[in-house]
Every structure is written in C-alpha cells, then in structure tokens.
Amino acid sequence: MSQARDSKEPADPVRFTRAWDDAYTRFAGRYDLAVRLLPVWKTWLGRALPHIEGPRVLEVSFGTGYLMSQYAHRFETHGIDYNRTMVRTARKNFLRVGSKAELVQGSVESLPYPDATFDSLVNTMAFSGYPRGLKALAEMKRVLRTGGKLILIDFCFPPDQNWMGTRIAEFVERSGDIVRDMGTLFRECELEYSHQSIGAWNSVCLYVATRTG
Ligand SMILES: C[S@@+](CC[C@H](N)C(=O)[O-])C[C@H]1O[C@@H](n2cnc3c(N)ncnc32)[C@H](O)[C@@H]1O
C-alpha cells in the first residue's frame, strides 16, 4: 500500500518566498542555461504539451520561458512569474526566438485575471516552491473556466515508494522545497485529476486536473 507523504509548509511564508526569490535572482542566468542543456528536464516539461488546450492558456511560474516557447504560437498565451529577473530573461528569450506571449510579474496567490479566464493552466517544477499550497491551488482554480485543465508537473514522493525516487524526493525536500501529496490538495479544491509518474524513478509526477464546477 502506498502512503501519501507531505513536507511541512513553512511557518513564515513571506520569508520563504523572499529567500527563494533572492536565489532565483542570483541564478536566473544559470537556470536558463541548465534548462536548455538538460535533456531530461526538457523531456519532463514536454510531457505537459499534449494536454494543453486553447484558445486561452496561462503558464504560472514560467521561469525563463522554455516550455512556453514550445506552445505559445498555437494559443493566446499569458504567463506570470514572481521573479523579475526570470521575467526579464523570458522576455529576451521570446524576442530572440520570435515567440509571442503576454508576460507579467506577479504571484500565484493573487493572479491578475478575472474568474474563469483560461482553458488551460500550466505549472511546472514550481508548486513545491509555493509556501501555501491550498491558497495557490484555489487561485489557479479560480481563473480556470469550468471544464478547463490544470497541467502540473513537479517532484513527488513516488506513489510506489521506489527507493531511489524516494531518496531524490527527500533530497529535494532537504533543499527547501515542499514536496506535496497533490491528491489531497486536488480533493480539497474539488478538482478531478489523473496522475502519472514521468521520471527520476517516479519522483517526478504529471497531474492533469479538471475544474468541474
Ligand atoms: C524551479 S523554477 C521553474 C521554472 C519553470 N516552470 C521550469 O519548469 O523550469 C520556479 C519558478 O517559480 C517562480 N515562483 C516562485 N514563487 C512564485 C509565486 N509565488 N508566484 C509565481 N511564481 C513563483 C520562480 O520565480 C521561478 O521562476
């Protein structure tokens, strides 16, 4: 029997977000290079692509915009990320490759869009960096239309308790991320979902959650 595991959320969410934000400001350039050079990272992110439906798509926490640049030409694409350096880098990348998307700086906890705006919402390798999971998920649900999909990829504790995958998830947790049992959160937000393990000995999971009401 697999047992759900969850990291604890931080007592001080503001401090937690500030610490990560400082780190992203320092490492945005290297992050961009790493994503471009790491085939396995690109493979994981690419698993989101077949699930994205338009016409209107939002990517929350797009980082330097690698994944978004793969689909932006097909949809009316919007993106929001908290880190100003990431937003700047993504804008430069988009100019270079000729991609078009409306990119803004802001937080997942307060998305600057009306209710039910998007057909799909994409979120990769970022949810474990949000200090208040329920608040973030409720806000993402708010901007999805009924029938819209949230496509989320992140580290997880392997559902089959794979030994190697569990060590990887523990390492990610020790590095400061919050490795969550997303199923519990989806149920709390009344989102229907499916999930599959997509890599790193089942410590990377893809979730596709649908807003049904
Ligand atoms: C590990 S990076 C992931 C980037 C990209 N999605 C990828 O898969 O490579 C995490 C991103 O989440 C962003 N982020 C962190 N806290 C956020 C928040 N509260 N609201 C929106 N974005 C946030 C960071 O600025 C960073 O760009």
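So here's what we get for this one:
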read-out: All positions within the stretch 142-189 that are among the acidic types (Asp, Glu) and within 16 Å of the ligand (Cβ to nearest atom); value: Asp154, Glu173, Asp177
read-out: Checklist (1) surrounded by 20 or more Cβ atoms within 10 Å (Cβ to Cβ); (2) within 22 Å of Gly148 (Cα to Cα) applied to Tyr82, failing item; value: (2)
read-out: Unmet criterion (only one of (1) closer than 23 Å to Tyr66 by Cβ; (2) within 16 Å of the ligand (Cβ to nearest atom); (3) crowded, with 16+ Cβ neighbours inside 10 Å) for Asp119; value: (2)
read-out: Tabulated pairs, the stretch 16-28, first polar (S, T, N, Q), second surrounded by 15 or more Cβ atoms within 10 Å (Cβ to Cβ) and in a helix (DSSP H, G or I), C-beta under 7 angstrom, 6+ apart or interchain; value: Thr25/Thr85
read-out: Members of the stretch 132-141 found to be out of contact with any Lys or Arg (no Cβ under 9 Å at 6 or more places or on another chain) and either within 11 Å of the ligand (Cβ to nearest atom) or not small (Gly, Ala, Ser) (or both), listed by number; value: Arg132, Leu134, Lys135, Ala136, Leu137, Glu139, Met140
read-out: Pair list, Cβ under 6 Å, 6 or more apart: the stretch 44-70 residue more than 9 Å from Ser120 (Cβ to Cβ) and within 7 Å of the ligand (Cβ to nearest atom), other residue in a loop (DSSP other than H, G, I, E, B) and at pLDDT 95 or above; value: Val60/Val108; Ser61/Ala126
read-out: Residues satisfying the stated conditions in the stretch 193-213, i.e. assigned to a strand (DSSP E or B) and either touching a residue at least 60 places away in the same chain (Cβ under 8 Å) or surrounded by fewer than 17 Cβ atoms within 10 Å (Cβ to Cβ) (or both); value: Ser194, His195, Gln196, Ile198, Gly199, Val204, Leu206, Val208, Ala209, Thr210, Arg211
read-out: Odd one out for Tyr113 among (1) part of a helix (DSSP H, G or I); (2) more than 11 Å from the ligand (Cβ to nearest atom); (3) among the hydroxyl-bearing types (Ser, Thr, Tyr); value: (1)
read-out: Residues (closer than 15 Å to Val179 by Cα and surrounded by 12 or more Cβ atoms within 10 Å (Cβ to Cβ)) located in the stretch 3-19; value: Ala4, Arg5, Asp6, Ser7, Glu9, Pro10, Phe16
read-out: Residue within the stretch 118-127 that is out of contact with any helix residue (DSSP H, G or I) (no Cβ under 6 Å at 6 or more places or on another chain), part of a helix (DSSP H, G or I) and within 30 Å of Ala169 (Cβ to Cβ) present; value: yes
read-out: Residue in the stretch 76-88 that is of a type in the set (A, V, I, L, M), at pLDDT 95 or above and more than 9 Å from the ligand (Cβ to nearest atom) present; value: no
read-out: Test for Arg96: is it modelled with pLDDT of 95 or more and among the basic types (Lys, Arg); value: no
read-out: Candidate set from the stretch 131-161 (those that are among the small types (Gly, Ala, Ser) and buried (at least 17 other Cβ atoms within 10 Å of the Cβ)); member that is nearest to Thr77 (Cα to Cα); value: Gly148
read-out: Elements of type strands (runs of 3 or more DSSP E) in the stretch 1-105, at least 3 residues being not hydrophobic (A, V, I, L, M, F, W, C); value: 76-81
read-out: Long-range neighbours under 7 Å by Cβ, at least six apart or interchain, first residue over 26 Å from Asp21 (Cα atoms) and acidic (Asp, Glu) within the stretch 116-129, second more than 9 Å from the ligand (Cβ to nearest atom) and part of a loop (DSSP other than H, G, I, E, B); value: Asp119/Glu53; Asp119/Gly54; Asp119/Pro55
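The values are calculated or read from the model by the stated rules, or taken from the named source; none is laboratory data. Please read all numbers here as calculations on a predicted model, not as lab measurements. Note that each Cβ is placed from the backbone with ideal geometry, even for glycine, and that neighbours are counted across all protein chains shown.
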